[in-house]
Amino acid sequence: MNRTILLAAAILGGTSIILGAFGAHGLKALISAESVQTFETGVRYQMYHALLLLFVGSTNYISDASKTKIFYLVVVGILFFSGSIYGLATNVLTSFDFKTIGIITPIGGLLLIMAWVFMFIDFLKKQG
């Protein structure tokens, strides 16, 4: 599972760099400055959680069971949270109205928070 977590961390981190560059350079002429800031929020949280997965996949301080839970919570959380933010920020560029699925943004945020909580609980359980 550590290999899977580390591969996901690398993919999520790399795509956050690509999306950040796209947001900073490619979107400025297409969407409002406020929407660019919103897009950058999605990028920032994606990178934060890519780094979290990098740590989770590299440490022995977290049990394998918790690593699995954290991995799935982070991946789905990023898809829901950052993914919906990307859609909402670029809503004017598509024919699909991302506002109709905007409810998944806070659900994604909750999943990301739960990942941190599982990690915290595992740290509390760890002896020595």
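Values in this text are rule-based calculations from the coordinates and carry no lab data. What you see is a predicted model, and the numbers here were worked out from it, not measured in a lab. We place every Cβ from the backbone using ideal geometry, glycine too, and count neighbours over all the protein chains shown.
With +1 on each Lys and Arg Cβ and -1 on each Asp and Glu Cβ, and nothing else charged, work out how big the dipole of segment 1-78 is about its Cα centre, in Debye to the nearest 20.
On the way: 5 positive and 3 negative charges, 31 e Å.
Once rounded to the nearest 20, the dipole reads 140 debye.
Using alpha-carbon pairs under 8 Å, 6+ residues apart, how would you state the relative contact order of the chain in percent?
Once divided by the residue count of the chain, the mean separation gives 29 percent.
Take the chain, connect every pair of alpha-carbon atoms lying under 10 Å apart with a spring to form a Gaussian network, then pick out the residue of T68, T15, T94 with the largest mean-square fluctuation.
Top of the fluctuation ranking is T94.
Neighbouring Cβ atoms within 10 Å as the yardstick, rank D122, D97 fewest first. Please list the in-between numbers first.
Details: D122 19, D97 11.
Starting with the residue having the fewest Cβ neighbours, the order is D97, D122.
Enter the Cα centre distance for the pair segment 85-106 and segment 1-66, rounded to the nearest angstrom.
Computed from Cα coordinates, the inter-centre distance equals 19 Å.
Write out the trypsin sites (Lys or Arg not before Pro) in segment 56-128 meeting two conditions: DSSP loop, and at most 11 other Cβ atoms within 10 Å of their Cβ. Spell out each step's value before the answer.
Values: sites: K67, K69, K99, K125, K126; in loops: K126.
Sites meeting the loop and neighbour criteria: K126.
Roughly how tilted is helix 104-125, in degrees to the nearest 10 and between 0 and 90, from the longest Cα axis of the chain?
It is inclined by approximately 20 degrees.
Which chymotrypsin sites (Phe, Trp or Tyr not before Pro) from segment 50-128 combine a DSSP loop assignment with at most 13 other Cβ atoms within 10 Å? The partial results should precede the final answer.
Details: sites: F55, Y61, F71, Y72, F80, F81, Y86, F96, F98, W116, F118, F120, F123; in loops: Y61, F96.
Passing both the DSSP loop test and the Cβ count: Y61, F96.
What value, in deg cm²/dmol to 500, does the helix sum -39500 (n - 2.57) over DSSP H runs of n ≥ 4 give at 222 nm once divided by the residues of the chain?
Details: 4 runs with 94 residues, N = 128.
-26000 deg cm²/dmol, from helical runs alone.
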